[in-house]
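Below: one structure, written as structure tokens.
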Protein chains: 2
Amino acid sequence: MRLRSYPLMFVSIMTFPLIVASALAAEGDWTIGSRTLPAPVAGSEALRISISSTPAPNVAMASQPVDDATLTTMGAPKSLDLKALGKSAGVTITKDTIAGVKVYHVKPDRIAPEHTNHLFVHLHGGGYVLGGGDSSVTEAVVVAASSGISAVSIDYRMPPEAPFPAAVDDTIAVYREVLKTRQPGQIAIGGTSAGAGLSFAATHQMKSLNLPVPGAIFAGTPWADLTKTSDTLYSLEGIDRILVSYDGLVESLALFYADGQDLKNPLISPLYGEFDGFPPTILVSGTRDMFLSDTVRVHRKLRDVGVVADLHVFEGLSHAGYLVVEGSPESISTFQEVSMFLKTHLK
Amino acid sequence: MRLRSYPLMFVSIMTFPLIVASALAAEGDWTIGSRTLPAPVAGSEALRISISSTPAPNVAMASQPVDDATLTTMGAPKSLDLKALGKSAGVTITKDTIAGVKVYHVKPDRIAPEHTNHLFVHLHGGGYVLGGGDSSVTEAVVVAASSGISAVSIDYRMPPEAPFPAAVDDTIAVYREVLKTRQPGQIAIGGTSAGAGLSFAATHQMKSLNLPVPGAIFAGTPWADLTKTSDTLYSLEGIDRILVSYDGLVESLALFYADGQDLKNPLISPLYGEFDGFPPTILVSGTRDMFLSDTVRVHRKLRDVGVVADLHVFEGLSHAGYLVVEGSPESISTFQEVSMFLKTHLK
């Protein structure tokens, strides 16, 4: 393939706004003015109603750091009625341990014919501190039910007892056991937010350990870079109603998890690893998702080394919005895409 | 596939920011505060330098309507040294008319073996008013050179002489002629901005006329909805350094082109049409692109009816940014993806 340099040939199309632009900014940073943001007209009705009934995110409050004691309190495992949850979703949930790691098995009442021998290894979100215990299984339930695939959700160890690399170690320990009864191409791994980031980190670690990588990854709005680097951490601050700001809870979670390690360690911020040899990956984000940049940056890293990688971005969705408004068209479409992707790429 | 409703099971993961949120907003619209936006650290060096040396977009100035006389002056065709342009890119450019419509043939010095019998029908951007004349061919030159595919770029009629539906009519007229010597699956159609929107509109029209649709579409940041509906028209106002604001030039162009017709006519705003039967489509946008929402809304429309549709979003790119910073990694990656997509999907 050849791409020669091409001269300033787009000037006539592209310079028009520059005509009305003001004088050069002093140092390169831009000050962006305030604005009024209506609920997304082109989102689903369910999403619009949900957003309209949510207050405008309060950046000043959300950008306050959260101390470790408060994080620990927030991260205390919640109990759920797993029997009722399973019944409502058409799955059976059972607790277990694999290689000493707490897990939840999720078996759908109806397993899709394509997935008879397949397994979805799920990693929950919550910034590596929150979302543990029974609630860790909830997304796995949705994937299992909507795809018709058996799942195992890993309730990996977290701070304060077990900061990085415990989450990676636990994931690898379970994966090694799973590999004893299944071919790697029969296994998918994935989750949302930190769960998606951990899926990438674990895949980096598998490569380091010369383990075969799984057959597919589902990365929902991955926390792929724990530093404040991504463009949408700035541009969508206060517009993402879930994350709101990097400077408060998000950064506090990053530091609590990393426990003094370099945030750019590829096992902490998997974006900084090498993505050659990764399996086909489906990525999901939204136009209001502060991790949109994390998502698309990983997507480009995968594409740049020729990995099959499908990107889906939903109108008006904040971070993990497909998990927030239950039964919304955005949520249903997300898990339909995941289902089709797994059916296409698992062996 | 089954997706039962699932109860509020993500509460423990997802409600944490709501804890720090303020009281309910009165009416649903949010006021979003001002912010400081650094140049995208994770963009390429070329992009960062280009953005750092651009002033912060001036929304107040950019949101002034532009009158038809000024638009007409801005839209006056520019002449380019086509011989030099072709030589620098490794293509030969020749003017012609097909079915009475002005076109430019672009023949690459080296035609890729896969594309021996293929043709890329190019439609230029510029809001259906700007970008005509010699400059209309420039993007076709990049696609032809980078993909190794012959192209014909249509210099379709525009206002003030020929508002909607002239652009659609001219595209269909040329397409009918092209169909006389090629199978539809050997033809791709596409462009950027209005050129991408027109590609969709023309495909709607082909379906209405019972013409076979082409084998692939390249839709770079499509202007798919000429009304002010998309979420990113609000959220990225003043952050997109090319479009800056819908309320000024963009809306003026829409009204000048539509010439009193309903902006939601699917041949004007193709998002409102039906996308079943569309060919495989590649879509490109950026995290600062005010048409990001248009792009992802079309992507969902295509996916919802099962069309193969690949989405690519680049970190830090404004509208059509891959055409603005010549030779940047973002630009090269865009046209590499287009090339791979055409090679995969044209017959």
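Roll a 1.4 Å probe over the protein heavy atoms and report the accessible area of B:Asp304 in Å², nearest 10.
100
Highest GNM mean-square fluctuation, chain A, Cα pairs closer than 10 Å: which of A:Ser245, A:Ser230, A:Ser53?
A:Ser53
Just how large is the dipole of chain B about the Cα centre, in debye to the nearest 20, putting +1 at every Lys and Arg Cβ and -1 at every Asp and Glu Cβ?
1000
May I ask you to report, in nm to one decimal and beginning with the shortest, the distances from B:Ile332 to the same position in the other copies, taking label points 7 Å along Cα-to-Cβ?
When each copy's label point is compared with this one, the spacings are 4.5 nm.
Using only the heavy atoms of the protein chains and a 1.4 Å probe, how would A:Thr70, B:Thr344, A:Thr221 rank by accessible area, largest first?
B:Thr344, A:Thr70, A:Thr221
So, taking all protein chains as they sit and a 1.4 Å probe, how much accessible area belongs to B:Ile332, in Å² rounded to tens?
60
Order of B:198-207, A:156-165, A:288-297 by packing, highest average Cβ count within 10 Å first?
By packing density, highest mean first, the sequence is A:288-297, B:198-207, A:156-165.
Distances from B:Arg176 to the same residue in each other copy, label points 7 Å out along Cα→Cβ, in nm, shortest first?
Spelled out, the distances from B:Arg176's label point are 7.0 nm.
Placing the label point 7 Å from Cα along the Cα-to-Cβ direction, what are the distances from B:Met61 to the equivalent spots in the other copies, shortest first, in nm to one decimal?
Nearest first, the other copies' label points are 3.9 nm away.
As a test of the definition: with a 1.4 Å probe, what buried accessible area, both sides summed, do you compute for B against A, in Å² to the nearest 100?
Buried: approximately 10200 Å² between A and B.
Can you show me the helix-derived [θ] at 222 nm for chain B, built from DSSP H runs with n ≥ 4 at -39,500 (n - 2.57) apiece and divided by the number of residues, rounded to the nearest 500.
That comes out to -9500 deg cm²/dmol.
Let me check something: with ligands and nucleic acids excluded, how do A:Glu330, B:Glu177, A:Glu45 order by accessible area (1.4 Å probe), largest to smallest?
In descending accessible area the options line up as A:Glu45, B:Glu177, A:Glu330.
What is the set of long-range amide H partners of B:Val91 at a cut-off below 5 Å, with H atoms built 1.01 Å from backbone N?
B:Asp109
Quick one: angle between helix A:194-208 and the longest Cα principal axis of chain A, in degrees between 0 and 90, rounded to 10, please.
70
Given a 1.4 angstrom probe, I'd like the percentage of the accessible area of segment A:65-345 that is carbon and sulfur, rounded to a whole number.
52
What's the angle, to the nearest 10 degrees (0 to 90), between helix B:292-304's Cα axis and the longest principal axis of chain B?
The two axes meet at around 80 degrees.
Gaussian network model of chain A, Cα springs within a sub-10 Å range: biggest mean-square fluctuation belongs to which of A:Pro280, A:Pro270, A:Pro65?
A:Pro65
With everything on Cα atoms, drop me the angle between helix B:138-147 and the longest principal axis of chain B, reported from 0 to 90° to the nearest 10.
Result, in degrees: 80.
With contacts defined as alpha carbon pairs under 8 Å and 6 or more residues apart, what's the relative contact order of chain A in percent?
Result for chain A is 18 percent.
For the pairs A:Lys347/B:Lys343; B:Lys301/B:Lys343; B:Lys228/B:Lys347; A:Lys180/A:Lys228, flag any whose C-alpha to C-alpha distance is greater than 29 Å.
From the list (A:Lys347/B:Lys343; B:Lys301/B:Lys343; B:Lys228/B:Lys347; A:Lys180/A:Lys228), the Cα-Cα distance tops 29 Å for B:Lys228/B:Lys347; A:Lys180/A:Lys228.
By the scheme Lys and Arg +1, Asp and Glu -1, what is the net charge of all other residues having a beta-carbon under 12 Å from that of B:Ile268?
Neighbour charge sum, excluding B:Ile268 itself: -2.
Taking a probe of 1.4 Å, how large is the accessible area per residue of the protein assembly as shown, in Å²?
On a per-residue basis, the protein assembly as shown sits at 34 Å².
When DSSP beta bridges are limited to those with both residues in the protein assembly as shown, what percentage is antiparallel, rounded to the nearest 5?
Around 35 percent of the beta bridges assigned by DSSP in the protein assembly as shown are antiparallel ones.
Which semi-axes, in whole Å and largest first, does the equivalent ellipsoid of chain A have when worked out from the alpha carbon gyration tensor as the square roots of 5 times its eigenvalues?
Output for chain A: semi-axes of 33, 24, 22 Å.
Would you mind counting up the charge near A:Tyr175? Only other residues with Cβ under 14 Å from its Cβ, with Lys and Arg at +1 and Asp and Glu at -1.
The answer is +1.
Please report the antiparallel percentage of DSSP beta bridges with both residues in chain B, rounded to the nearest 5.
If we restrict to bridges inside chain B, about 30 percent are antiparallel.
Provide a whole-number value for the mean count of partner chain Cβ atoms within 10 Å of the Cβ atoms in peptide A:134-145.
Per residue, the number of nearby Cβ atoms from other chains is 3 on average.
The values are calculated or read from the model by the stated rules, or taken from the named source; none is laboratory data. None of these values were measured; they are calculated from a predicted model. Neighbour counts run over all protein chains shown; Cβ positions are idealised from the backbone, glycine included. Protein only, heavy atoms only, side chains kept; ligands, DNA and RNA dropped before computing areas. Shrake-Rupley method; radii C 1.70, N 1.55, O 1.52, S 1.80 Å.
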